[in-house]
Each structure stands twice: as structure tokens, then as C-alpha cells.
1. Taking 2.2 N^0.38 Å as the expected size of a compact globular protein, what ratio does the Cα radius of gyration of region 143-244 give against it, to two decimals?
2. Which ³J(HN,Hα) values, rounded to whole Hz and listed in residue order, are derived for region 101-107 from phi using the Karplus coefficients 6.51, -1.76 and 1.60 in 6.51 cos²θ - 1.76 cosθ + 1.60 with θ = phi - 60°, glycine and proline given as x?
3. What does the extension gain come out to for Val226 and His6, with contour length at 0.36 nm per residue minus their alpha carbon separation?
4. Quote the convex hull volume per residue of the chain, based on C-alpha atoms, as a whole number of Å³.
5. Counting each DSSP H run of 4 or more residues in the chain as -39500 (n - 2.57), what helix-only mean residue ellipticity at 222 nm follows after dividing by all residues, to the nearest 500 deg cm²/dmol?
6. For region 93-267, what is the accessible area per residue in Å² when the probe is 1.4 Å?
7. Output wanted: per-residue J couplings in Hz (rounded whole) for region 113-126, from phi through Karplus 6.51 cos²θ - 1.76 cosθ + 1.60, θ = phi - 60°, x for Gly and Pro.
8. Between Ala49 and Arg16, what is the label-to-label distance in nm when each label sits 7 Å out along the Cα-to-Cβ direction?
Amino acid sequence: MDSAGHDLRARYAAYRWTPATSGASGAEVHRLTDTGGAGPDLYVKVAAATYGLSGEADRLAWLAGRGIPVPRIVERGTDGDVAWLVTEAVPGRPAAERLPEDRRPAVAEALADITAALHELPLADCPFDRSLAVTEARAVRNVHEGLVALDDLDEERAGWTGERLLEALHRTRPASEDLVVTHGDLTPENVLIDPETCRVTGVIDVVRLGRADRHADLAIALRELVSEDDPWFGPECAERFVERYLQRVAGKVTVDEDRLAFYRLLDEFF
Ligand SMILES: Nc1ncnc2c1ncn2[C@@H]1O[C@H](COP(=O)(O)OP(=O)(O)O)[C@@H](O)[C@H]1O
Ligand SMILES: [Mg+2]
């Protein structure tokens with residue numbers, strides 16, 4: 001950590017700091033435990049100013065005002081190079097954690113419910129644009145700046161170059177977008193649940209929240225639910241998720257395989 005990090009360490013010296021992630025996402029996350037035991041645990045997220053932590057704080061505030069459970073902001077700031085965001089810990093555990101087998105369907109349904117709740121938020125109120133006009137241009141930039149993790153592509157695209165990814169992206173771009181408020185990185189890691197009731201206790205990591213096609217969220221959630229690497233969910237949970245989601249959202253909504261494939265491809269760039 002640099003000087004901003006040292007200042008944070010000093011400011012929160014009464015807490016025990018434990019790294020929460022490897023930092024692979026571009027942000028360093030630490031859990032802070034109040035050694036005095038009086039206050040709630042906190043999370044500190046620190047990243048280069050270009051990561052968008054200030055935008056993440058804006059999105060948390062926007063969601064909190066609309067009844068979506070999110071962590072409370074303790075402080076946010078930047079010194080120009082580095083930005084930080086300190087939040088209160090949301091109770092519960094990431095939905096990605098392995099729970100007893102009989103709770104799988106309930107967790108899949110809880111994920112569907114929070115996805116639908118986000119997608120039903122009033123679109124016109126949402127000031128954050130993640131439509132293709134924005135994300136496709138950013139995908140191009142990320143390739144040119146070498147920011148795409150080409151060694152971590154989905155299996156079906158292993159070994160692809162940035163140019164090949166871009167060619168596929170432009171070629172398969174849907175002609176229209178079914179815009180809703182999307183989370184933008186809707187993995188079970190980023191949804192916290194109460195392991196007893198399987199209710200959602202909070203949504204986190206909202207740096208990419210914005211107006212986008214609903215398939216942007218569905219593609220990522222379903223990729224994780226059917227993943228061989230996370231065998232505790234699986235295809236049945238994925239089906240349960242889609243059924244429940246379609247029950248919860250109003251209007252004529254369809255889940256389109258081509259769009260799911262496109263938004264999975266788009267996610268490779270971020
Ligand atoms: N406010 C919070 N409450 C509970 N857990 C949190 C909170 N913030 C972060 N975490 C934990 O830290 C992990 C990483 O934080 P996240 O914001 O998702 O950053 P990353 O970009 O590394 O995924 C999360 O998956 C979650 O386990
Ligand atoms: Mg995360």
C-alpha cells in the first residue's frame with residue numbers, strides 16, 4: 001500500500017486487518033475486526049483511482065435509497081492516484097459458499113429474487129450507463145491497453161488473442177438491448193445471504209452497476225451456477241434460478257441463448 005494506504009492503516013489502527021481477497025480484481029480488500037469488540041466489522045477496498053471506487057460508492061448510495069440491501073458507507077476518498085472505500089460488513093456469507101445440499105434451491109431462488117429486484121428498479125432514475133455504447137467501447141480500450149486477462153478466458157475461448165475476441169464481439173453484437181438496471185458482476189461471491197434463512201442480506205461489488213441488457217446479469221449468474229468449478233450449484237440450480245426469475249419479473253421477458261453467449265463474451269474484457 002502507498003501513503004493513502006498508510007493513512008488508512010493509521011486511522012483504523014484499532015482494528016485487526018485481514019486480507020479478504022488476492023487483489024486479482026484490481027482492488028485490495030481487507031476485513032477489519034474491531035479488537036475492542038464494540039463496533040461492527042468493516043471492509044476496506046483500495047484501488048487505483050482508475051478502478052472506479054468513487055463510482056462504486058455512488059452506486060451503493062443510489063441502491064440504498066431504493067431499498068436494495070447494500071453495505072453502509074463509512075468513508076470514501078481519493079488522493080488522486082489511489083481511491084478507497086470503507087463499508088460496514090454485511091451480515092451473512094457469500095452465496096458462493098458451500099451450504100448443505102438441501103439449501104441449494106433456496107439459494108438459487110434468493111439469487112433470482114435479488115436479480116429481479118434490481119431489474120425492476122426504475123430505469124429512468126438510474127444515472128449509470130453500462131449500455132453497449134459504453135461497454136463495447138471500453139472493451140476495445142481494454143484490449144488496446146492490455147487490460148484483458150487473456151490467460152483467464154472461458155474454456156471455449158482459451159488461447160484467443162484480444163483481436164479475435166473483439167472480432168467475435170463486434171460480429172455477435174445484438175441489434176437491440178433490453179435495458180434494465182443491472183448489477184454488472186452478479187456472481188454468487190457478490191451476493192451475501194443468511195445461511196439459515198437463505199435470504200439475501202446484501203449485494204456488494206457494484207462498481208459496474210448500470211443500465212444494460214438484463215442478459216448481462218443473467219449470463220454471469222448462470223455461468224457461475226452451472227460451473228464445473230463450483231459443483232455445489234449445478235444445472236438444476238441454474239434452471240431453478242431462471243424459472244424463479246421469470247416468475248418475478250413483470251412483462252414479456254425471454255431468456256435468449258444468443259444474448260447469454262454474447263454477454264459472457266463481453267465479460268471476458270473486464
Ligand atoms: N461490506 C461487505 N460486507 C461483507 N463482505 C464484504 C464486504 N465487502 C467485501 N466483502 C467480502 O470481500 C470480498 C471482496 O470484495 P469485493 O467488493 O467483492 O471485491 P472484488 O473486486 O475483489 O471482488 C467479497 O466477495 C466479500 O466476501
Ligand atoms: Mg467481488
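The values are calculated or read from the model by the stated rules, or taken from the named source; none is laboratory data. Everything numeric in this text was worked out from a predicted model, so none of it was measured. Heads up, the Cβs are rebuilt from the backbone with ideal geometry, glycines too, and the neighbour counts pull from every protein chain shown. SASA here: full protein model, heavy atoms, side chains in, ligands and nucleic acids out. Shrake-Rupley method; radii C 1.70, N 1.55, O 1.52, S 1.80 Å.
1. Working: Rg = 15.7 Å, N = 102, 2.2 N^0.38 = 12.8 Å.
Dividing the Cα Rg of region 143-244 by 2.2 N^0.38 Å gives 1.23.
2. After applying 6.51 cos²θ - 1.76 cosθ + 1.60, I find 3, 6, 9, 4, x, 5, 5 Hz.
3. Details: separation 220, 0.36 × 220 = 79.20 nm, distance 4.13 nm.
This chain segment gains 75.1 nm when fully extended.
4. Given the Cα convex hull of the chain, per-residue volume reads 137 Å³.
5. -11000 deg cm²/dmol
6. Numbers: 8610 Å² over 175 residues.
Per-residue accessible area for region 93-267 comes out at 49 Å².
7. Running phi through 6.51 cos²θ - 1.76 cosθ + 1.60 with θ = phi - 60° gives 5, 6, 4, 5, 4, 5, 5, 8, 5, x, 4, 5, 7, 7 Hz.
8. 3.6 nm
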